[in-house]
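> I have a structure here, written as structure tokens, and I will follow up with some questions on it.
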Amino acid sequence: MRFKTQLAMRLGEWFGTDEHGRHRHVVVPVRPDWTGPESIFGYEDALGKSVSGAPVWFVPEPFEFVLRAANDPEHPYLLILDEMNLAHVERYFSDFLSGVESRRPILPDLVFDQPSRQWVLRDVEQRQPLPQNLFVVGTVNVDETTYMFSPKVLDRASTFEFRVTSNELDAELQRPIAAPAGEDQRVRAFASLAESDDWQREHPHPARAEIVSTLREAHVILAGANQEFGHRTLYEILRFCAFFAATGDTDADTPLDLAMMQKVLPKVHGSRRRVEPVLTKLDSLAVGAGPAPRLPITHHKIVRMIESVRANQFVSFAE
């Protein structure tokens, strides 16, 4: 299992276990034959029969985990979709993305029938919302066997890039070990914060005005290539920065640098004629006026993207 998956698993292990000793995280390998939402949410089993006569529902492993999260709302749950882009993400994940965006109920109202050991529909007409204590991490590799994410998918995610430098290679490193479970009070607080949509408004980053000003500058630059972001991106960046400041680090540039990498640069893609001027202006914003780059992570990524677009006449965040 690769580093990206292992890193996500450490977070899941910190979430701990439920009252039955089951981990509050699960790793689900995505298969190339996932061509529809039934890969996540299952489907009505027309051949199944329940004692009560209610329709029987086939529940795959990801959906069973989602239902577990819904039944334990005070604790966070982590669904890890491994090698997420081996199949077209839009085909199997579109219902989930719609539920996250709209907050509308999309899940069938199911109950587990103990005598028959089956999931049955409690109410055919009733639907349930996605649990807000559910977190999803998808790991991806970009090569000839995978599919690229569309902008609408990236717009609803935070993208993390992992690179290893030559100096970081260490012959003494061993396989990762499991992380200890967090204190129950802290784990519950994690879930509670996730459910509070207005927390960042009540506890804004001390430099919120400066962060917003910089993001507006970036928006103007991106608008020149019709790749600007919207209110959702601004909301999520301000939320991220507020949580970052709550850890005790009130510097404005550090969380802004990370947010630019996670939410803004993934939107930049296209031909050299269209993209290079945008990247050049974004790099000036990242460098700033000081002797060292103001946003060093963003700056180094932009430099690589500029080199790539000059060599290949096209570039995306995945380079």
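> By how many degrees, between 0 and 90 and to the nearest 10, does the Cα long axis of helix 184-195 differ from the longest principal axis of the chain?
Relative to the chain, helix 184-195 is tipped by roughly 70 degrees.
> Within straight cross-link reach of Lys4, meaning Cα distance under 24 Å, which lysines are found once same-chain residues fewer than 8 apart are removed?
Lys152, Lys263, Lys267, Lys301
> Cα axis of helix 3-14 to longest principal axis of the chain: angle in degrees, 0 to 90, nearest 10?
60 degrees
> Continuing with the same structure: For each of Met9, Met148, count neighbouring Cβ atoms within 10 Å of the residue's Cβ, then give the residues from fewest to most.
Met148, Met9
> When the Kirkwood hydrodynamic radius is evaluated over all pairs of different C-alpha atoms of the stretch 61-129, what value in angstrom, to one decimal, is obtained? Display every interim value, and only then the final one.
Numbers: mean 1/r = 0.0725 Å⁻¹.
One decimal place: 13.8 Å for the Kirkwood radius.
> Ok, one more. From the residues Pro151, Leu97, Ile302, which one has its Cα farthest along the dipole of the chain in the positive direction, the dipole being from +1 and -1 charges on Cβ of Lys/Arg and Asp/Glu about the Cα centre?
Working it through, the farthest residue towards the positive pole turns out to be Ile302.
> Anyone know which of Ala181, Ala69, Ala289 comes out most mobile in the 10 Å Cα GNM of the chain?
Ala289
> Something else now. For a quick check, take a GNM of the chain with Cα springs below 10 Å and name the residue from Arg175, Arg104, Arg24 with the largest mean-square fluctuation.
The residue that fluctuates most here is Arg175.
> Alpha carbon centre of the stretch 155-222 versus the stretch 270-319: separation in Å?
So the two Cα centres are separated by 22 Å.
> Which of Arg201, Arg163, Arg117 moves most in a GNM of the chain, Cα contacts under 10 Å?
Its mean-square fluctuation being the largest, the pick is Arg163.
> When a/c is below 1.5 the answer is rounded, else prolate if a/b is larger than b/c, else oblate, so apply that to the stretch 1-84 with a ≥ b ≥ c taken from the square roots of the Cα gyration tensor eigenvalues. Spell out each step's value before the answer.
Working: a/c = 3.30, a/b = 1.43, b/c = 2.31.
Note, shape of the stretch 1-84 comes out oblate.
> Looking at Thr233, Phe243, Ala87, which one has the Cα that reaches farthest to the positive end of the dipole of the chain (charges on Cβ: Lys, Arg +1; Asp, Glu -1)?
Thr233
> I need the Kirkwood Rh of the chain: take the reciprocal of the average 1/r across all distinct C-alpha pairs and report it in angstrom. Walk me through the numbers on the way to the answer.
Working: mean 1/r = 0.0457 Å⁻¹.
Hydrodynamic radius (Kirkwood, Cα only) of the chain equals 21.9 Å.
Since every read-out is calculated from the coordinates, none of them should be taken as a lab result. What you see is a predicted model; the values in this text were computed from it and never measured. FYI the Cβ positions are ideal-geometry reconstructions off the backbone, even for glycines, and counts take in every protein chain you see.
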